[in-house]
Amino acid sequence: MRVAPIVPPATLGILGGGQLGRYTVMAAASMGYHTVVLDPDPSAPAGLLAHEHLVAAYDDPDALRRLAFDCDAVTTEFENPPADVLDQLSATMVVAPSASAVRIAQDRIVEKAFLVENGFPVGRHQILSGDDASVDVSLVDTGAIIKTARLGYDGKGQRSVTGTAEAIAAWAELGGVACVVEKRLDLETELSVIVGRTASGDVEAWPVAENTHVDGILDLSVVPAAVSAKLADRAVGLAMAITDALDYVGVLAVELFVVGGELLINELAPRPHNSGHWTLDASVTSQYEQQVRAVCGLGLGSTAMTAPAIAMVNLLGDLWEGGDPDWTAVLDDPNVKLHLYGKSEPRSGRKMGHLTVTASATSLAAARALELRAGVER
Ligand SMILES: Nc1ncnc2c1ncn2[C@@H]1O[C@H](COP(=O)(O)OP(=O)(O)OP(=O)(O)O)[C@@H](O)[C@H]1O
Ligand SMILES: [Mg+2]
């Protein structure tokens, strides 16, 4: 089905004002759209750049009335907007991704059930949801990770445990809320696939990214991933099949584990993704522009790379411990792009920015990115 595209100078609303929203605002604005950001934080990075920033809770009736009045389409930049709000807004305008897709991706229990029901590969796991839940010994005795079903990010709401006693204690520490217990897998590597899909079912994916996490937070992404073409194709195929199964509209990120040469789906993010920041600097179309295109019913842009290889490293608040980092070497390098999100409080573990390096091979790009980052601290 083709619906009439929403073209500039229409107004795009964005739920959430973090860095992903900031780049969505920039992409939309450069195409001539107006943007409205809803985020309760007055200093939210996207709010600082949007035409309008509604500083209110995500379910604030006045703010939602204002969004409904001002916007032609609404999207989200995080997985936790109240899905009911998306439903409500969809009565009067285009909302993408849909409430039903976001509802699945924002709850690990629902997400795992969706993946299993649709035949997508996931690791061994169990659900802990009620008082009577008992921990599966065979799952935890070789090591497991307990994850709260809702509201986790950057490794928050997770505990790594070995054995039943530790598992029970960790579950209590997490407040006894609904959780997924996952067998701790021996990861060969981690991949992500970012896909854009339109309402008419057109779909485009970027080359697969290979990701390294430190303390549960993404640290380094390189593209293209150093895996066989067969494995990369299979990862892209899985991600595209997931967008079809969700009848997804917008940009979706699929995080995958490689275990024993096979792919397992870790989780879905119903939005642009940290591991897709590189598309700003080495792709014909960025994931943020693609989000705008898909949500507004335009054709998808090319996902071809404009450099042979790229690496991205996150810049966390810890780098600010001795004062503002020294960016001289970063800014001097012609193949490096510095991105800072305009956050004024550099807390430990907080994503303050990232930098990317293009090169002839990912190993060179990664080495340079890590070297540059190591040198900025005062
Ligand atoms: N079952 C597992 N076995 C081994 N490692 C795991 C497992 N689950 C998670 N991890 C590690 O922890 C990281 C974060 O896990 P996960 O993606 O579930 O958390 P998150 O808080 O949603 O993170 P983010 O929001 O940054 O994607 C994974 O990318 C992986 O490195
Ligand atoms: Mg993750």
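One compactness figure for the stretch 68-171 is 1.35, namely its Cα radius of gyration divided by 2.2 N^0.38 Å. Scoring 266-273, 297-304 by mean Cβ neighbours within 10 Å over their residues and listing the highest first yields 266-273, 297-304.
Apply the a/c threshold of 1.5 to the C-alpha gyration tensor of the chain and tell me whether it is rounded, prolate or oblate. Rounded, since a/c falls under 1.5. Working from the Cα coordinates of the stretch 1-92, the gyration tensor eigenvalues give, after taking √(5λ), semi-axes of 18, 17, 11 Å in decreasing order. Taking the charge dipole of the chain about its Cα centre, with +1 at Lys and Arg Cβ atoms and -1 at Asp and Glu Cβ atoms, the residue from Val180, Pro97, Leu128 reaching farthest to the positive side is Pro97. For the chain, the relative contact order is 14 percent, taking Cα pairs closer than 8 Å that sit 6 or more residues apart in sequence and dividing their mean separation by the residue count.
In the elastic network of the chain, a GNM with C-alpha springs shorter than 10 Å, the most mobile of Leu20, Leu151, Leu64 is Leu151.
Shape class for the stretch 203-254: oblate, because the ratio a/c of the largest to smallest gyration tensor axis (alpha-carbon atoms, square roots of eigenvalues) is 1.5 or more and b/c is at least a/b. Farthest towards the positive end of the charge dipole of the stretch 18-125, among the residues Ile109, Gln19, Leu49, is the Cα of Ile109, using unit charges on the Cβ of Lys, Arg, Asp and Glu. Only aspartates and glutamates eight or more places from Lys112 in sequence, or on another chain, were considered; those with a Cα closer than 14 Å are Glu182, Glu255, Glu267. With just the Cα atoms defining each centre, how far is the stretch 220-254 from the stretch 31-95? Give it in Å. First find each Cα centre; the distance between them is then 28 Å. Rounded to the nearest Hz, the phi-derived 3J(HN,Hα) couplings of the stretch 296-309 under the Karplus curve 6.51 cos²θ - 1.76 cosθ + 1.60 (θ = phi - 60°) are 8, x, 7, x, 6, x, 5, 9, 5, 7, 9, 9, x, 7, where x marks glycine and proline. A straight Cα-to-Cα reach below 17 Å connects Lys156 with the lysines Lys147, Lys351, residues fewer than 8 places away in its own chain not being considered. As a ratio to 2.2 N^0.38 Å, the alpha-carbon radius of gyration for the stretch 141-274 is 1.14.
If only the Cβ of Lys and Arg carry +1 and only the Cβ of Asp and Glu carry -1, the dipole of the stretch 119-169 around its Cα centre is close to 260 debye.
Net charge of the neighbourhood of Glu188, taken over other residues with C-beta under 12 Å away and scored Lys/Arg +1, Asp/Glu -1, is -4. Using C-alpha pairs under 8 Å with a sequence gap of at least 6, the mean separation divided by the residue count of the stretch 1-80 gives a relative contact order of 37 percent.
Only one residue of Pro272, Gly322, Gln290 has its Cα farthest out toward the positive end of the dipole of the stretch 271-327, where Lys and Arg carry +1 and Asp and Glu -1 on Cβ, and that residue is Gln290. The amide H of Arg271, built 1.01 Å from its N in the peptide plane, has Ala253 as neighbours under 5 Å, considering only residues 5 or more places off or on other chains.
Electrostatic tally near Tyr23: other residues with Cβ closer than 15 Å to its Cβ, Lys and Arg +1, Asp and Glu -1, net +2.
Probing with 1.4 Å while keeping every protein chain in the model, the per residue accessible area of the chain equals 41 Å².
Expressed in units of 2.2 N^0.38 Å, where N is the residue count, the Cα radius of gyration of the stretch 229-328 is 1.29. Under 5 Å between amide hydrogens, built in the peptide plane, is the criterion, and for Asn266 it picks out Glu255, Leu256, Phe257 among residues at least 5 positions away or on other chains. The heavy atoms of Ile168 present about 90 square angstrom of accessible area, all protein chains included, probe 1.4 Å.
Comparing mean-square fluctuations of Thr92, Thr148, Thr212 from a GNM of the chain with C-alpha springs under 10 Å, the top value falls on Thr92.
Dipole size of the chain about its Cα centre, with +1 on Lys/Arg Cβ and -1 on Asp/Glu Cβ: approximately 520 debye, rounded to the nearest 20. By the rule of a C-alpha distance below 19 Å, with chain neighbours fewer than 8 residues away ignored, the aspartates and glutamates paired with Lys337 are Asp219, Asp281, Glu289, Asp324, Asp326, Glu371, Glu377.
For a quick check, take a GNM of the chain with Cα springs below 10 Å and name the residue from Tyr341, Tyr153, Tyr23 with the largest mean-square fluctuation. Among Tyr341, Tyr153, Tyr23, the largest mean-square fluctuation in the Gaussian network model of the chain belongs to Tyr153. If only the Cβ of Lys and Arg carry +1 and only the Cβ of Asp and Glu carry -1, the dipole of the stretch 23-167 around its Cα centre is close to 320 debye.
The values are calculated or read from the model by the stated rules, or taken from the named source; none is laboratory data. Model, not experiment: these values are computed from the prediction. Glycine also receives a Cβ, built like all others from the backbone with ideal geometry; neighbour counts cover every protein chain displayed. Calculation scope for accessible area: heavy atoms of the full protein, side chains included, ligands and nucleic acids excluded. Shrake-Rupley method; radii C 1.70, N 1.55, O 1.52, S 1.80 Å.
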